[in-house]
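A quick write-up on the structure given underneath.
The values are calculated or read from the model by the stated rules, or taken from the named source; none is laboratory data. This is a predicted model, so every value here is computed, not measured. Note that we place each Cβ from the backbone using ideal geometry, even for glycine, and neighbour counts take in every protein chain shown. Please note that ligands, DNA and RNA were not included when accessible areas were found on the heavy atoms of the full protein model with its side chains. Shrake-Rupley method; radii C 1.70, N 1.55, O 1.52, S 1.80 Å.
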Amino acid sequence: MKIIKETQYLAFVETPTRGKTKVIAIVNRHHEQIIGEIRWFGRWRQYCFFPYNDTVWNTTCMDDVNSVIGELKNERKQE
């Protein structure tokens with residue numbers, strides 16, 4: 001598993017997948033638990049954020065998630 005970005009509270013880790021698109025696990029750096037994922041959502045034809053149940057997200061963490069989605073979007077455009 002490859003860490004693609006770390007922020008104050010979160011680590012974004014690329015997980016192994018069999019498909020063409022990436023799956024990014026979002027890990028809480030304090031508790032080291034996966035609290036959500038970024039993955040391809042076929043119906044919308046874009047990467048989307050899938051928070052795990054019973055998680056709470058502030059604007060800083062949402063900005064971090066949005067930043068990583070933007071990076072994935074740019075990567076995809078270049079292919």
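If ARG18 satisfies all but one of (1) assigned to a strand (DSSP E or B); (2) open to solvent by 90 Å² or more (accessible area, probe 1.4 Å), what's the number of the condition it fails?
So the condition that ARG18 fails would be (1).
Of these, GLN8, GLN78, GLN33, which one is among the polar types (S, T, N, Q), open to solvent by 80 Å² or more (accessible area, probe 1.4 Å) and in contact (Cβ under 8 Å) with a residue 24 or more places away in the chain?
GLN8
If I filter the stretch 55-65 for residues that are of a type outside the set (A, V, I, L, M, F, W, C), surrounded by 11 or more Cβ atoms within 10 Å (Cβ to Cβ) and under 20 Å from THR17 (Cβ atoms), do I get at least one hit?
No, the stretch 55-65 contains no residue that is of a type outside the set (A, V, I, L, M, F, W, C), surrounded by 11 or more Cβ atoms within 10 Å (Cβ to Cβ) and under 20 Å from THR17 (Cβ atoms).
Which residues, taken from the stretch 40-51, are part of a strand (DSSP E or B) and open to solvent by 80 Å² or more (accessible area, probe 1.4 Å)?
If the condition is that a residue be part of a strand (DSSP E or B) and open to solvent by 80 Å² or more (accessible area, probe 1.4 Å), then GLN46 is the only one that fits.
Could you pull out the residue among VAL13, VAL68, VAL27 that is assigned to a helix (DSSP H, G or I) and closer than 20 Å to MET1 by Cβ?
Answer to the selection: VAL68.
Looking only at the stretch 32-63, count how many residues are under 9 Å from the mean Cα position of the chain (by Cα) and closer than 14 Å to LYS5 by Cα.
2
Hey, can you tell me all the residues within the stretch 21-30 that are within 17 Å of ASN58 (Cβ to Cβ) and open to solvent by 50 Å² or more (accessible area, probe 1.4 Å)?
ARG29, HIS30
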